[in-house]
Amino acid sequence: MINLLSKSQREELQSQENLRMVLILGVLFLSFILSLGLILLLVKNYFLLTLESKRILFREREKIVSLNKDLEKEISQYNVLLSDINSSYQEQYDLTQALERAYQTLPDGTYLTNFNFIIIEKKVSQGTKKTAKISMSGVCPTRELLLSFKESLESEKSFSGVYFSPNSWIEPIGPKFNVTFELN
């Protein structure tokens, strides 16, 4: 096809076409930049919202943890209390078992008039040591039975330091005795 337009008109048309092209490309570039900015703004808002929700969850978990710390503190206090109760229970002596063993050593016809159970704390190099001491008074039918009572107390493994008062051996019939010994 033959172009009948003059060179100046052709250049003018070419410059108008170039201007339209620059305008179209400029509008496209601006719309790209605008949409990119909007996308980045949306991503920023998404991350800010996610971060805020994580902060809220973190604060709630901190509250739960602080409640758990209070609970843990209370539990540890109860553990200390139970430990103290257990240690004091372990330090106690079984009085019924001691009474039963002492009663089994008594000869027939012997009567007790007095029974004392005392826990004594002794200071040792490592602290204090508790010992249980039993003191009994009574009447035995004969001195020979009293001697057998003494031997049976001394042979009992759970008793130590058996001591009869000297007055216990004076009377041959119906002697009144006083004896003290410690529980092992």
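Throughout, read-outs are computed from the coordinates displayed, never taken from laboratory work. Keep in mind it's a predicted model, so treat the numbers as computed, not measured. Glycine also receives a Cβ, built like all others from the backbone with ideal geometry; neighbour counts cover every protein chain displayed.
List of remarks:
- The residue among 16, 86, 51 whose Cα reaches farthest toward the positive pole of the charge dipole of region 7-91, with charges on the beta-carbon of Lys, Arg, Asp and Glu, is 16.
- 88, 168 arranged by Cβ crowding within 10 Å, fewest neighbours leading: 88, 168
- Euclidean distance of C-alpha centroids, region 43-74 and region 136-184, integer Å: 75 Å
- Each stretch of four or more DSSP H residues adds -39500 (n - 2.57); spread over every residue of the chain, this sum gives -21500 deg cm²/dmol at 222 nm.
- Coupling constants for region 120-129 follow from the phi torsions by the Karplus curve (6.51 cos²θ - 1.76 cosθ + 1.60, θ = phi - 60°), and in residue order they are 10, 9, 10, 7, 10, 5, 9, x, 10, 10 Hz; glycine and proline get x.
- Label selected from (1) 253; (2) 129; (3) 114, the criterion being volume of the Cα convex hull per residue in Å³ as computed here: (1)
- On Cα atoms only, tilt of 143-155 relative to the major axis of the chain in degrees: 20 degrees
- Angle in degrees between helix 7-91 and the longest Cα principal axis of the chain, rounded to the nearest 10: 0 degrees
- The residues 165, 125, 155, when put in order of fewest to most other Cβ atoms within 10 Å, stand as 125, 155, 165.
- Low-density loop positions, chymotrypsin sites (Phe, Trp or Tyr not before Pro), region 41-121 - DSSP coil, at most 16 other Cβ in 10 Å: 93
- Using a Förster distance of 45 Å, the FRET efficiency for residue 95-residue 69 (Cβ separation, nearest 0.05): 0.55
- Axis of helix 95-105 versus longest Cα principal axis of the chain: the two differ by about 30°, to the nearest ten degrees.
- For region 95-183, the fraction of alpha-carbon pairs in successive 5 Å shells from zero, as %: 3, 14, 25, 24, 16, 8, 5, 3, 2, 0
- Spin-label pair residue 4/residue 40, simplified geometry with 7 Å Cα→Cβ offset, distance in nm: 5.4 nm
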